[in-house]
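The values are calculated or read from the model by the stated rules, or taken from the named source; none is laboratory data. Keep in mind that this is a model prediction, so the values were computed, not measured. Cβ sites come from the backbone with ideal geometry, for glycine too, and all protein chains shown count toward neighbours. Accessible surface areas use protein heavy atoms only, side chains included; no ligands, DNA or RNA. Shrake-Rupley method; radii C 1.70, N 1.55, O 1.52, S 1.80 Å.
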Amino acid sequence: MRALCLAMLLLCNGRTALAETEWLQSGRLGVAEIRALCERVSDVELLARKQMISTGNARWRLLSRQDLVIEATVMGVPPLNPGRCYVIVRAGQSERERRAFEVRDFTVNPERILVFIVGRDYDPPPKP
């Protein structure tokens, strides 16, 4: 089912590199592979953005519909799992809230690496 969703998204976006796109589940990758992908992420797919918006409580959903900004993709730092990649996002305009989402799936093609599916959300690590 996920593969079908990926194919539909790629076709609807007008991409011709469908045959060259690889879908990688982070649960099947080693830490070094996840780190390499996480460092090279160039964007977050629409599906992952919609997952981020729909998660959490009513306040989060409201804020994330106003504005959802991807701050960074990073390997986890305590209290997050250091062997996993996370997308740190900020939601809201005047009121703001930050969350971290674990990356579950990447799509990789010669042009770019995208976050395709995100898992549950966590409190983000403090800003340095």
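Tell me the strands (runs of 3 or more DSSP E) entirely within the range 17-107 that contain at least 2 residues that are open to solvent by less than 20 Å² (accessible area, probe 1.4 Å) and under 20 Å from Pro124 (Cβ atoms).
Ranges flagged: 85-91.
Could you list all residues from the range 113-128 that are under 14 Å from the mean Cα position of the chain (by Cα) and open to solvent by 40 Å² or more (accessible area, probe 1.4 Å)?
Of everything in the range 113-128, those that are under 14 Å from the mean Cα position of the chain (by Cα) and open to solvent by 40 Å² or more (accessible area, probe 1.4 Å) turn out to be Arg120, Tyr122.
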